[in-house]
Amino acid sequence: MNSVKNFIIPEKLPRHIAIIMDGNGRWAKTKGKPRVFGHKNGVVSVRAVTEAAAELGIEYLTLYAFSTENWSRPSFEVNALMALLVDTIYSEMETLNKNHIRLKAIGDLSGLPDSTRKALLDGIEKTKGNSRMTLVLALNYSSRWEIVEATRKIAEKVEKGDLAVNEIDASVFAQHLTTSMIPDPELLIRTSGEYRMSNYLLWQAAYAELYFTEVLWPDFRKEDFYEAVLAYQQRERRFGKTSEQLVTP
Ligand code: FPP
């Protein structure tokens with residue numbers, strides 16, 4: 001098959017790709033189905049993208065599965081999403097292990113229902129020895145929450161005398177975020193034609209290339225993922241420098 005994958009340069013892959021999976025509700029609506037139907041089909045996309053990322057050699061894939069703001073949705077939808085997460089984690093555990101994928105989570109896990117937290121911690125424990133790729137689920141996550149938490153932890157250290165104020169820099173700050181062991185994402189994808197960050201990895205995505213697509217999340221497949229990676233590879237990443245400065249002699 002003539003796949004976009006053939007145009008991807010293996011030496012220029014991003015190490016970390018973050019995704020805002022959006023459009024499940026609208027996708028379901030176009031089919032005259034309840035929103036939860038969209039979330040269930042969204043799991044098919046999660047599987048496809050996880051597989052595509054691992055096959056390409058991406059080291060970290062972070063998916064925004066539930067934001068702090070999502071609690072304000074109807075309780076029926078919230079409960080269904082939580083149950084779907086539990087089901088998915090248990091049903092995919094074997095596949096994750098077979099493919100040497102490690103599960104991790106970021107967010108305020110203490111705010112999750114017990115059954116969801118348990119499934120998650122179980123999944124993390126049972127896959128912790130895998131090293132091909134890390135799949136990070138952002139759950140009950142929001143950047144502002146995370147930044148405030150980091151500030152609190154740093155302030156506590158200063159108060160105790162364990163850290164001096166003049167030692168605080170970007171690197172120290174990043175070490176206090178929930179992503180401390182994860183490199184910053186170089187590519188951030190958002191589906192469904194929305195052009196927002198929605199409180200997602202605001203600190204970490206400071207230099208990320210942003211890729212937006214009209215495709216609704218439940219329709220997002222491997223080829224769509226390859227398109228995003230290819231678009232990333234065709235961009236010039238300057239980090240504040242000029243184009244000329246990037247040309248190495
Ligand atoms: C956004 O679509 C999607 C979510 C808030 C949930 C995403 C969850 C999944 C795909 C299922 C579980 C995932 C994992 C990782 C096991 P939306 O509901 O905001 O859609 P809309 O914008 O069309 O209303």
* To do: Return the calculated 222 nm mean residue ellipticity for the chain, to the nearest 500 deg cm²/dmol, obtained by summing -39500 (n - 2.57) across DSSP H runs with n ≥ 4 and dividing by the residue count.
  => -13500 deg cm²/dmol
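Ordered by packing density, taken as the mean number of other Cβ atoms within 10 Å over each peptide's residues, highest first, how do 39-46, 141-148 rank?
So the order, starting with the most tightly packed, is 39-46, 141-148.
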* Sorted from largest down, what three extents in whole angstroms do the Cα atoms of segment 30-79 have along their principal axes? -> 38, 27, 16
* Asked: Just the Cα atoms of the chain, one point each, no solvent: what log10 I(q)/I(0) does Debye give at q = 0.09, 0.10, 0.13 Å⁻¹?
  -> -0.42, -0.52, -0.87
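All other residues with a Cβ under 10 Å from the Cβ of Arg190 taken together, and with Lys, Arg as +1 and Asp, Glu as -1, what is their net charge?
Residues close to Arg190 contribute a combined charge of -1.
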* Positive dipole terminus of the chain, leading residue within Ser142, Met181, Asn41 (C-beta point charges) -> Asn41
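If the limit is 22 Å between Cα atoms, which of Lys98/Lys128; Lys5/Lys128; Lys12/Lys241; Lys98/Lys222 go over it?
Values: Lys98/Lys128 13 Å; Lys5/Lys128 29 Å; Lys12/Lys241 19 Å; Lys98/Lys222 19 Å.
Table pairs above 22 Å Cα-Cα are Lys5/Lys128.
Give, rounded to the nearest 20 debye, the magnitude of the charge dipole that the chain has about its Cα centre when Lys and Arg contribute +1 at Cβ and Asp and Glu contribute -1 at Cβ. Could you put the intermediate results ahead of the total?
Details: 32 positive and 32 negative charges, 106 e Å.
Rounded to the nearest 20 debye, it is 500 debye.
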* Two-site FRET efficiency, Ser171 against Asp87, from Cβ-Cβ distance with R₀ of 41 Å, rounded to 0.05 -> 0.55
* Candidates Tyr207, Tyr195, Tyr226, ranked by Gaussian network fluctuation over the chain, Cα under 10 Å, top entry -> Tyr195
* In the chain, which whole DSSP H runs stretch at least 24 Å along their own axis (Cα) and average -1.0 or higher on the Kyte-Doolittle scale? -> 35-56, 75-98, 143-160
* Asked: Which one of Val136, Val78, Val158 has the biggest mean-square fluctuation once the chain is modelled by GNM with Cα springs under 10 Å?
  -> Val158
* Structure fact -> Applied in sequence order to segment 194-211, the curve 6.51 cos²θ - 1.76 cosθ + 1.60 (Karplus, θ = phi - 60°) yields integer Hz couplings, x standing for Gly and Pro, of 9, 10, 9, 8, 6, 6, 10, 6, 4, 5, 5, 8, 3, 10, 5, 6, 9, 10
* Asked: Whose amide H sits under 5 Å from the amide H of Glu209, counting only residues 5 or more places off or on another chain, with H placed in the peptide plane?
  -> Leu187, Leu188
* Structure fact -> In Å, the C-alpha Rg and Dmax of segment 118-237 are 17.4, 52
* Asked: Under a 1.4 angstrom probe, counting protein chains only, how are Glu11, Glu77 ranked by accessible area, largest first?
  -> Glu11, Glu77
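The values are calculated or read from the model by the stated rules, or taken from the named source; none is laboratory data. None of the values given here were measured: they were computed from a predicted structure. Neighbour counts run over all protein chains shown; Cβ positions are idealised from the backbone, glycine included. The accessibility values were calculated without ligands, DNA or RNA, using every heavy atom of the protein model including side chains. Shrake-Rupley method; radii C 1.70, N 1.55, O 1.52, S 1.80 Å.
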